[in-house]
Structure formats: C-alpha cells, structure tokens
Amino acid sequence: MKFKITKEKFIEGLQQVQHVVSTRTTLPILSNVLIRAKGGMVELTTTDLDVGVRGAVSADVDEDGITTLPARKLASIVKELPTSEILIEVNGNNIAAIKSGPSFFKILGLSRDEFPELPDFSGAQEIVLDQKLVKDGLKKTFYAISTDETRYVLNGVNWSFAGGKLTLVATDGRRLAMVDQDVEIPDLPTRDVIVPTKAINELQRLLTDAGQVRIRIGESQIAFELNGYLLTSKLIDGTFPNFRQVIPGAPRHRVTMDRSLLLETVKRVSLLTSDRTSSIKLVFTEDNIEIMANAPEVGEARESLPVSYKGEKMSIAFNPEFLMAPLRNLDSDEVHLDLIDEGSPGVLRINEPFLYVIMPMRVTGP
Amino acid sequence: MWTGRTIIHVDMDCFYAAIEVREHPHLRGLPVAVGGRSSRRGVLTTANYEARKFGCRSAMPTFKALRLCPQLTVLPVRFELYRCESQRIREIFEGFTGLIEPLSLDEAYLDVSHLRSGGASVAAEIRARIFEETRLTASAGIGPNKFLAKVASDLNKPNGQFEIVPDEVDSFMTALPISKIWGVGKRTAERLQALGARTCGDLQRWGITTLTREFGKFGVELYHLCRGRDDRLVTPDRERKSVSNERTFAEDLEELGEALEKLDVILEELAVDLQLRHGGRRIAKSFVKLKFSDFQTTTAECAARALEPGAYAALLEEAWARRGRRTVRLIGAGVRFVPMGAPEQLEFPV
C-alpha cells in the first residue's frame, strides 16, 4: 500500500474517526484504525465493538492496500508533521513508513485480519431525514441522558418514528427532554430504538446544518450515513419508559422569561450552592421571581427577575444544573415555565416542538 | 470571674468487660476480656483491670492474650447490650446538659459551662448517678477545653476524676509528657524526643515555624496543644456519615469467587442494619473496602441510591484487582449517607 495525502485531509479524516477508539481496551486491535487505500480514496474505520465509524478522504493512491495502525499515535504524528505533503507506504508486515519533508516515522501496525467488521445492514429499514432537524433535536435533548449505568435503558436517546413525527427523548428519571418534530417519512411499521450515548456524541460530531442523513435500523444495530461517513452502533436492548406519562397535565401558572437572562441569573446565584445543598429556590410573588441559594458556612445569593405572574406566592426548588442545561442548549429568546405546585414537576417550553420536564427538589429543615 | 468553658470527658472503665462481669457475677475479681474466640483470628475488644495486670490489652490477638494469661475468660461481644447500657448513661448526661458529644459507646464530652456548681462536683455527681443506675464505674476529666478534659480523664483511672482548672493549665502543661498529646503516636514521640522534646514544656520553646517545618499542618496543632489550647466545640449528635459492615477471615482469601460469597453475607447484614437503625437516611454512595495480607487497605466506591448487590460485586472486583500478589484478610462493605437536611431531588413517579 502506498499513497500520498495532504496533511489537512488526513487530519480531518482521522479526527472524525479517532474518538471511537477507546483508550482502555483489552483487545489491542481496537486501538487501531483500519486504513484502506483504493481508487483515489483512503478509507478510515474505527470501532470499539459497540460503535464504529467509517469515512473516506481523497488521496493519490499509487498502490492499493489495507492495514491497521494505532489510531491515536498516528493522529498525533500527522498533526505535528512539518510539511503539508505526506507519503505513506505500508509493507506486507503492516509496518508503515511515514514521510513528510525531512521527517520520517516508522509505525508498527497489525494485520487487518483481526479487525472486526462493521455490522451488515442489508434488508434493514431505511429512513432519510434532514441533518439539521436531527442535529437540532439532539442538541435539545442529549444533555438529559442518564449517566447512571444501572439504568442502562436511559443511557441513550430514544428515537420514535410514529405518526409522521420524529420524537427524540432523553431522561435520567429526574428530568426529561423531548423534541417532537413533524417529518415526511413513509408510514412504516417502525419501532422505537434507543441509541446509546457514545453513538449520540459521535453523530453530533458528524451532523451539519445541510444535507440529509440516511438511517438504517437493523435488528440490534443502527447505521447513520451522512457527509461521506458511516456511523454504526448497537442499540440499547430494552424498553424506554413510557415518557408521556411523566408530562404533567394543565399547569396552574405560566411565567415567560428571557432565556439568556434566566440562564445568567441561575448561573450567578448557583455560585452559592454547595454539594450539600445543590438546589436553588425560585420564589414567585406578584410580577417577580426571586432566585436564591445558600451554602452553609459560605453565604447566600439572591437575585430578582421581573416577570408577569399573577398567582399566589409560591416557591419551588430545583437543581440549578438541571435548570441551566436546557437553557444553554436552546436558542429561542423566550422560555415558558409551567408550574403546578412546589412538589410537582415543572415544564419548560418554547414556541417550538420542545418540552423539558424537571422534578423539583424537596427541601427539608432550615 | 471565670467566664470560659467547662468541659467534662466521661470515660467508662473497661466498659464492655465491666458489663459482662456485672452480668456474670461469679467472674468478679477474675481476669475477663471481651472479644473474638482464640481459634480464629479474634482479637480482644476490652480487657478488665485484672486481665491488664497480665499484659492483656484491647486489640491484642486472643491467642496471645491466653498465652499471657491462661486463666483469662474471653466472652463474646454483645453490642446490643452495650448499646443499651450506653443509652441509659446518655440519659443520665441529658439530666445535666444538652451539649453532649458521644465519641463511642463508652466515651463522651459534655459541655457543662452553664452549671454553677463547678465541673468537679458535676462530674462526681454524674459518676455517682451512673454507678447507681448501672453498677458500672466511670472516670472523668474536667478542663477548660476538650483536649485538657480528655488528658485529665486518664489521670485517675479507674473510678476516679481529675480537674485541670484554668489557673493551673500552664504548670500542668509544662510537665506533661508529649506522648499525652492526641495525634502524637509512637513515631512522632520518637521524632520529638530525638529533637530534644520530652515534655510539652520543652515543646513550648519551639516556634510555630519550626514546628510546621518539622510536622507540616500538624505542627500548628502541636503549637497550640502543647500550651493546652483547644477551641473545638462540643458538637452534639454529630451526624453519622456512613455505615459499614466488615469481616476479618480466619484464613486469607485468594479467590475472587470466595470473596464474592463472603460479600453476600456481609451485604445481608448491612441491609438489616440499615433497615433497623438508619431507615430514614438517604444513600449517596456505596463502597467496598479490602485489607490485604500486608495490612494495607484499599477502598472502591461509586454513586448509589440503594444497596445494589450487583454494584457491590463490581466494586469488590475493582478493589480485588489492586491486590497484586497479596491475599485478602478483610472485606468491608458500606454506604455513605446524603447529609441530613440536604435537599432531596425528586424522581418521576414511574
């Protein structure tokens, strides 16, 4: 195998695939990137057995071939090479010679025979969606994914394609983010699938604002094809909880606030929370919300926000991080907060198909 | 007029052993200890004064104690009974002050600054009440702070008391051997002596800079303690931060499978303890502790909200992987609690 490639192209390709490579692996081959040079293209593949990514970049291929090389080492070398032109030559023993201007590297690779194949998707259901729509939907939901490994069905985003809608939901049992978008997809008997966190992260990296993404859903795997990349992932085997059930009914109060102002206020006030009391209190009085926090033996913070509120005095406590996460990932100017009482979930909405349900904190003692 | 604090340190005399002798009157006057049986890897928890004459000490392996004193009676530990006695004593304290800081079942600090009758007479009264109610003797130390009270309670043990009045603190401290300072163990004492300090008086001649250079942070503490200064408050009902259950094995474990079986039993007991005595507390973390053949310990922990056997098994494996060539002599499993009064994040009712 022998090819010439520009530094920029090679870095771009390696960067998109190297995140999948796990730093701690019991299988040495999984630290490597599969490199296939053929017909003017160099194809790069990585996998951790659960998630795999494949992409191709253009190159001058003098001699077709295939090998695997340590992904992170290769990426760090390419990044530091002194000239833009890189010549790579790999012999039959998977030893790669990398030349760039005056510099020369020799890297020991492994045979492609040990490299696991990406799953096969022939006969899988296919759905094509706008990338922007998916990108936007994931941005508004991914932060609510649970990191608690004991609740593995929540360790991903649930995708549902029913009723002419793409519904993306993530929850950790304490808050839930949902985007419910109309989409034009054939009315197929599709089931819900849970795409694990790592694949969601990779997909977010690959998604752009233009073009389409082709999704193929197999028995236990999912594939996303976009911008010349293929991302495959295992699906989480389990049933996502019935999320519609946690969306509260009619609110008693609605307050409308400036999103960035609310975000900044919560951010400031939450400086005075401690691990022990990681909660902020929102006290509603006529046309005003006071947001406050206190940390024992440190001090307290409070800030007022003028709002339109006509109900009785009420207070509710939230984990500030849970309140800030959606505010950071939305881009609308205004948000609506719907409340029932201090013990019931609050709902954050915007004038678009999105909602975020957040359970309050119960504050006992002083 | 003295406006400072009066602290009493009450220390029950060989508490567990004394209770057992009271329960087994025929053992009165004989060497008695409470602890694990000798055939296994048991150690003494407490030895009475008769047994101490033979050199038997708490934490001493039982077989060693029996070698020193073959006629020693070693009784099994009955924590439930001791806890019950401790509670009775605590109720006596409550008749004198609300500021009670228990250190263990048999030791507590009492802040009695508000009582006019003076520390020594309060302490005498408390000890008399304890004896009346439980037939157990206690020793007490009275001083203007916790440190001095604790040092004093050791001076007329058993069944005695000693008071250090504020005017006498300086002269008392000058003569006090450095080994009486808490935190000064055998090693530190040796180092201090090598540097020429045998008494607190010697140590008082050292500047704070010298002390911190030699002992780091602890140097600052030494600077104050060797002058008899200690401003820590008596904190009542210091909150329990964690609960654990651990087991030392008759023979070290070498197989993970075996360890996992032992863990099951430990967890069952922990679950019962949590349910019976800590029912209201919320769990923040789970942890597993191992002690290896070289007496080094290691702990693995993870966030948790309940006692999940699967999570404990994973923690055990994580800690187990650190053993290298060592065998495992002890396994412990426990939970750390969410601090009381901390806000509780509610969950979706699904």
Would it be correct to say that B:ASP264 is in contact (Cβ under 8 Å) with a residue 12 or more places away in the chain, open to solvent by 80 Å² or more (accessible area, probe 1.4 Å) and assigned to a helix (DSSP H, G or I)? yes
Which members of the stretch A:10-21 meet the condition of being more than 14 Å from A:TYR229 (Cα to Cα) and of a type in the set (D, E, K, R)? none
Residue in the stretch A:91-118 that is nearest to A:THR45 (Cα to Cα), counting only those that are part of a helix (DSSP H, G or I) and touching a residue at least 40 places away in the same chain (Cβ under 8 Å): A:ARG112
Any residue at all in the stretch B:228-244 that is exposed (fewer than 15 other Cβ atoms within 10 Å of the Cβ), polar (S, T, N, Q) and in a helix (DSSP H, G or I)? no
Out of all the residues in the stretch B:246-254, is one or more in a loop (DSSP other than H, G, I, E, B) and out of contact with any Pro (no Cβ under 7 Å at 6 or more places or on another chain)? yes
For the stretch A:148-188, give me the residue count where each residue is at pLDDT 95 or above and among the aromatic types (Phe, Trp, Tyr). 1
Which strands (runs of 3 or more DSSP E) does the stretch A:189-297 wholly contain that include 2 or more residues that are modelled with pLDDT under 90? A:288-295
For the stretch A:342-354, which residues satisfy the criterion of being within 13 Å of another protein chain (Cβ to nearest Cβ) and open to solvent by 60 Å² or more (accessible area, probe 1.4 Å)? A:GLU342
For B:GLU269, state whether it is open to solvent by 40 Å² or more (accessible area, probe 1.4 Å), in contact (Cβ under 8 Å) with a residue 40 or more places away in the chain and under 24 Å from B:ALA300 (Cβ atoms). no
For A:PHE224, the lone unmet condition from (1) within 14 Å of chain B (Cβ to nearest Cβ); (2) open to solvent by less than 20 Å² (accessible area, probe 1.4 Å); (3) of a type outside the set (A, V, I, L, M) is (1)
Within the stretch A:1-90, considering only strands (runs of 3 or more DSSP E) that don't extend past its boundaries, which have at least 2 residues that are open to solvent by less than 10 Å² (accessible area, probe 1.4 Å)? A:2-6, A:32-38, A:41-47, A:51-58, A:65-70, A:85-90
Of everything in the stretch B:313-338, what is in contact (Cβ under 8 Å) with a residue 12 or more places away in the chain, hydrophobic (A, V, I, L, M, F, W, C) and within 14 Å of another protein chain (Cβ to nearest Cβ)? Give them in sequence order. B:ALA313, B:ALA314, B:LEU315, B:PHE337, B:VAL338
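Which one of these is within 12 Å of chain A (Cβ to nearest Cβ) and within 15 Å of B:LEU263 (Cβ to Cβ): B:GLY341, B:GLY310? Lay out the reasoning, then the answer.
Values: B:GLY341 fails: within 15 Å of B:LEU263 (Cβ to Cβ).
Only one candidate passes the filter, namely B:GLY310.
Any residue that is more than 26 Å from B:ALA51 (Cβ to Cβ) and modelled with pLDDT of 90 or more - is there at least one of those in the stretch B:72-89? Break it down into steps so the answer makes sense when it comes.
Of the stretch B:72-89, the ones more than 26 Å from B:ALA51 (Cβ to Cβ) are B:87.
Next cut, modelled with pLDDT of 90 or more only: none.
Within the stretch B:72-89, none of the residues are more than 26 Å from B:ALA51 (Cβ to Cβ) and modelled with pLDDT of 90 or more.
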Residue ID - farthest from A:GLU286 (Cα to Cα), chosen from residues in the stretch A:314-336 that are within 14 Å of another protein chain (Cβ to nearest Cβ) and part of a strand (DSSP E or B): A:PHE318
Filter result (open to solvent by less than 20 Å² (accessible area, probe 1.4 Å) and in contact with a helix residue (DSSP H, G or I) (Cβ under 8 Å, 6 or more places away or on another chain)) within the stretch A:97-140: A:ILE98, A:SER100, A:ILE107, A:PHE115, A:VAL134, A:LEU138, A:LYS140
If A:LEU154 passes every condition in (1) within 12 Å of the chain's Cα centre (by Cα); (2) within 14 Å of another protein chain (Cβ to nearest Cβ); (3) aliphatic (A, V, I, L, M) but one, which one does it miss? (1)
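Pick out the one residue from B:GLY341, B:GLY310, B:GLY324, B:GLY334 that is modelled with pLDDT under 85 and either surrounded by fewer than 17 Cβ atoms within 10 Å (Cβ to Cβ) or more than 26 Å from A:ALA170 (Cβ to Cβ) (or both).
Working: B:GLY310 fails: modelled with pLDDT under 85; B:GLY324 fails: modelled with pLDDT under 85; B:GLY334 fails: modelled with pLDDT under 85.
Every option except B:GLY341 fails the conditions.
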Which of (1) within 14 Å of chain B (Cβ to nearest Cβ); (2) in contact with a Gly (Cβ under 9 Å, 6 or more places away or on another chain); (3) open to solvent by 90 Å² or more (accessible area, probe 1.4 Å) is the odd one out, the single condition A:GLU297 does not satisfy? (2)
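Just the residues that are within 25 Å of A:VAL179 (Cβ to Cβ) and β-branched (Val, Ile, Thr), please, taken from the stretch A:302-330.
Kept after step one, since they are within 25 Å of A:VAL179 (Cβ to Cβ), are these residues of the stretch A:302-330: A:316, A:318-330.
Scanning the stretch A:302-330 gives a single hit, A:ILE316.
Suppose the filter is within 27 Å of A:GLN245 (Cα to Cα), more than 14 Å from chain B (Cβ to nearest Cβ), of a type in the set (Asp, Glu) and assigned to a strand (DSSP E or B); does A:ASP136 pass it? Quick ask: steps written out before the conclusion?
On the way: within 27 Å of A:GLN245 (Cα to Cα): yes; more than 14 Å from chain B (Cβ to nearest Cβ): yes; of a type in the set (Asp, Glu): yes; assigned to a strand (DSSP E or B): no.
No; evaluated as a whole, the condition is false for this residue.
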Can A:GLU303 be described as closer than 29 Å to A:LEU138 by Cβ, open to solvent by 10 Å² or more (accessible area, probe 1.4 Å) and outside any loop (DSSP other than H, G, I, E, B)? no
Got at least one residue in the stretch A:141-148 being touching a Lys or Arg at 6+ places or on another chain (Cβ under 9 Å), of a type outside the set (Gly, Ala, Ser) and open to solvent by 10 Å² or more (accessible area, probe 1.4 Å)? yes
Residue selected from the stretch B:295-307 under the condition surrounded by fewer than 18 Cβ atoms within 10 Å (Cβ to Cβ) and more than 16 Å from A:THR150 (Cα to Cα), by the criterion farthest from the other protein chains (Cβ to nearest Cβ): B:PHE295
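Any residue in the stretch A:198-209 that is of a type in the set (Lys, Arg), more than 14 Å from chain B (Cβ to nearest Cβ) and over 30 Å from A:GLY92 (Cβ atoms)?
yes
The values are calculated or read from the model by the stated rules, or taken from the named source; none is laboratory data. In this text, all values refer to a predicted model and were calculated from it rather than measured experimentally. Please note: Cβ atoms are built from the backbone with ideal geometry, for glycine as well, and neighbour counts cover all protein chains shown. Areas reflect the complete protein model, heavy atoms only, side chains present, ligands, DNA and RNA absent. Shrake-Rupley method; radii C 1.70, N 1.55, O 1.52, S 1.80 Å.
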